[in-house]
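Below you'll find the structure, written out as structure tokens, and then a few comments.
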2 protein chains.
Amino acid sequence: MSKKQNTRKPTMKDVATEANVALGTVSKVFNGLPVGDEYKVRVEKAARKLGYQVNEYARGLRASKTYTIALILPNVQHPFYSSMADYCCEILGKQGYRVLLATTTYDPALEQKCVDMVQQNKVDGIIGITYNPDLDISDDIPFVIIDRKFNNKVPCVSCDNFSGGELAAQKLVENGCNNLLFIGESSPVAGEADKRILGFKSYCETNDIKHTEFRLFDNEKNPDKFHDFIDKNSKNGKFAYDGIFCNTDFIARMVMKYLRNNGLSVPEDVQIIGFDGIKNFGFDEYYCSTIRQPLREMAEAAVDILLNKDRASAPALVCLPVTYCYGGTTKK
Amino acid sequence: MSKKQNTRKPTMKDVATEANVALGTVSKVFNGLPVGDEYKVRVEKAARKLGYQVNEYARGLRASKTYTIALILPNVQHPFYSSMADYCCEILGKQGYRVLLATTTYDPALEQKCVDMVQQNKVDGIIGITYNPDLDISDDIPFVIIDRKFNNKVPCVSCDNFSGGELAAQKLVENGCNNLLFIGESSPVAGEADKRILGFKSYCETNDIKHTEFRLFDNEKNPDKFHDFIDKNSKNGKFAYDGIFCNTDFIARMVMKYLRNNGLSVPEDVQIIGFDGIKNFGFDEYYCSTIRQPLREMAEAAVDILLNKDRASAPALVCLPVTYCYGGTTKK
């Protein structure tokens with residue numbers, strides 16, 4: 001399969017001879033150290049001609065740079081995480097970095113193990129979505145965390161969750177709703193996403209809009225509490241609330257299905273807005289009307305902060321703007 | 001952030017002293033070379049106690065083993081690829097391997113670049129889904145390809161696509177259909193998925209079932225040809241075919257939506273079966289009735305073949321069994 005042009009692998013010395021430069025110049029080029037442009041071109045041309053392959057491991061040892069970024073995510077099954085992985089891969093790849101992917105299944109011990117593992121592996125940096133509040137992170141390795149402010153030393157990138165909550169309430173009101181409901185899960189770990197309800201409440205209070213908050217516990221495994229709540233608030237085929245803001249698109253879709261199965265029309269009787277901006281098959285249509293997180297821009301921001309040499313000036317929290325996207329569960 | 005227990009990092013010599021064994025024994029344990037169980041336990045205990053971290057790069061150079069597997073996929077946005085990435089990560093992680101993820105956006109040149117890159121990086125093996133028919137793969141690195149038989153030297157893991165096509169036809173017939181239609185895209189590169197239509201036709205011919213084949217070209221960007229076909233075969237609110245097998249769940253969902261928008265009832269008038277077994281949000285409900293690929297088992301098989309030392313005995317093609325899953329677009 002391999003195009004074997006030579007039986008003997010070319011060495012750095014062969015490249016130096018071919019390029020007619022000193023061995024040290026070749027070494028500098030391969031290790032990304034400053035060298036005149038003309039020399040750089042000659043060395044790279046010679047290396048290509050001879051089919052010389054830099055031994056990345058040896059390079060890692062010498063230059064203390066591995067051109068590898070670790071990405072630590074709960075999983076890459078959920079479209080939010082898989083999109084984040086996809087964008088990070090693309091953006092880092094274009095900048096010559098590889099991605100080491102570790103998945104943690106939300107297990108705090110596994111999260112710590114992943115962090116330890118990638119630190120041992122001498123990566124140049126870590127981008128992570130983690131839920132372990134006691135995570136032990138080495139100061140030596142640049143770390144950017146997504147969606148949860150860990151402490152002021154680790155920069156966090158998220159969307160503007162607070163404005164997203166405000167925007168959801170505003171859109172429901174603009175669409176004619178006047179008795180709003182928030183439905184969200186109770187997260188055991190505080191995170192940036194908690195600001196969605198705060199923004200929602202802030203808008204309602206400022207604009208004197210009637211609003212109620214309902215918390216799901218363990219919503220995937222035991223939907224009874226949620227069903228009870230919906231049933232208790234339904235009378236003669238009417239639901240007590242005409243606009244619902246759900247903390248995620250997944251919850252929005254679950255709510256929509258349950259309401260429709262119970263004879264309520266969405267969006268005619270009840271309008272629903274989710275959060276995330278997730279699409280069917282990852283690229284097709286929105287599941288519901290939604291507040292879209294700018295995932296590509298968040299990945300770009302995380303990479304920029306991570307690769308920036310001036311870590312001391314990194315912001316503690318970067319919140320990127322969200323947008324409202326129509327997806328059939330609101331009137332417009 | 002880091003729990004700094006010592007200012008000086010422990011060395012292998014410290015571990016040897018702590019464990020009361022020779023330095024060579026410590027080296028053997030860290031490099032995975034055979035050593036008595038008792039010694040192994042003592043060394044590992046001492047290493048843990050001292051917080052000794054193996055320098056993975058140095059280990060990579062010494063042992064010629066990096067404990068890293070590269071995963072090359074078109075993207076991790078599409079649920080088929082993201083599930084594959086998720087399972088590979090989990091399965092390899094449990095066996096002490098890291099995953100280097102590279103995405104190629106179906107670009108043949110980028111596929112070659114990714115393969116070259118991971119080969120330079122001295123990974124222990126590659127699992128790939130690639131569409132470049134001229135891919136240049138080194139014989140030196142174990143490679144397992146998913147879903148496309150590259151040549152007889154590179155083992156391929158796929159689902160049993162042929163049986164899946166047969167099963168789809170059989171299920172449609174069992175559900176009362178007697179005029180079947182196949183809808184699939186025309187892939188520019190031959191792959192295992194092409195066997196779906198072959199199995200479908202084989203079942204129909206063997207059992208004397210009327211059947212037709214329709215090919216989409218460029219189905220996502222220009223659905224006109226597909227709409228024309230559906231319109232031409234619809235008369236007085238009836239569609240000429242009562243059972244459709246679609247090459248993917250994505251196509252099945254597109255067909256279902258178009259038929260429903262044109263006043264046809266699915267599954268009452270027309271029943272539809274897709275292929276893949278993809279779920280909403282990656283874990284919720286099937287998009288449609290479907291022939292499910294056993295993705296976890298395929299990932300396990302790929303890892304098993306890849307890590308098996310006896311590469312000469314690796315099978316050229318492993319086809320894992322598919323199952324029919326009801327998802328609302330058939331009568332049962």
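Residue-level analysis places B:Ile183 outside the set of residues that are within 19 Å of B:Cys159 (Cα to Cα), modelled with pLDDT of 90 or more and among the hydrophobic types (A, V, I, L, M, F, W, C). All of B:Gly128, B:Gly165, B:Gly191 fail the test of being over 18 Å from B:Tyr241 (Cβ atoms), assigned by TED's automatic domain parsing to the domain that holds B:Cys288 and not aromatic (Phe, Trp, Tyr), apart from B:Gly191.
I'd like to check something: does the stretch A:137-154 contain any residue that is part of a strand (DSSP E or B) and closer than 23 Å to A:Lys332 by Cα? No; the residues of the stretch A:137-154 include none that is part of a strand (DSSP E or B) and closer than 23 Å to A:Lys332 by Cα. Note on the stretch A:99-135: among residues that are crowded, with 21+ Cβ neighbours inside 10 Å, at pLDDT 85 or above and farther than 25 Å from A:Ala193 by Cα, the one that is farthest from the other protein chains (Cβ to nearest Cβ) is A:Val123.
Within the stretch A:136-159, being among the polar types (S, T, N, Q) and within 13 Å of chain B (Cβ to nearest Cβ) holds for A:Ser138, A:Asn151, A:Asn152.
If you scan the stretch A:251-265, which residues turn out to be open to solvent by 30 Å² or more (accessible area, probe 1.4 Å) and under 30 Å from A:Ile146 (Cβ atoms)? Result: A:Met254, A:Lys257.
For the stretch B:266-284, the candidate set comprises residues that are of a type in the set (Gly, Ala, Ser) and at pLDDT 95 or above; within that set, the residue that is least open to solvent (accessible area, probe 1.4 Å) is B:Gly274. Annotation note: of A:Leu307, A:Leu320, A:Leu264, the sole residue that is among the hydrophobic types (A, V, I, L, M, F, W, C) and in contact with a helix residue (DSSP H, G or I) (Cβ under 7 Å, 6 or more places away or on another chain) is A:Leu320.
The values are calculated or read from the model by the stated rules, or taken from the named source; none is laboratory data. Treat the numbers as computed from the prediction; the structure is a model and nothing was measured. With ideal geometry, Cβ positions are generated from the backbone for all residues, glycine too; neighbour counts draw on all protein chains shown. Just so you know, the surface numbers come from the protein's heavy atoms only, side chains and all, with ligands and any DNA or RNA stripped out. Shrake-Rupley method; radii C 1.70, N 1.55, O 1.52, S 1.80 Å.
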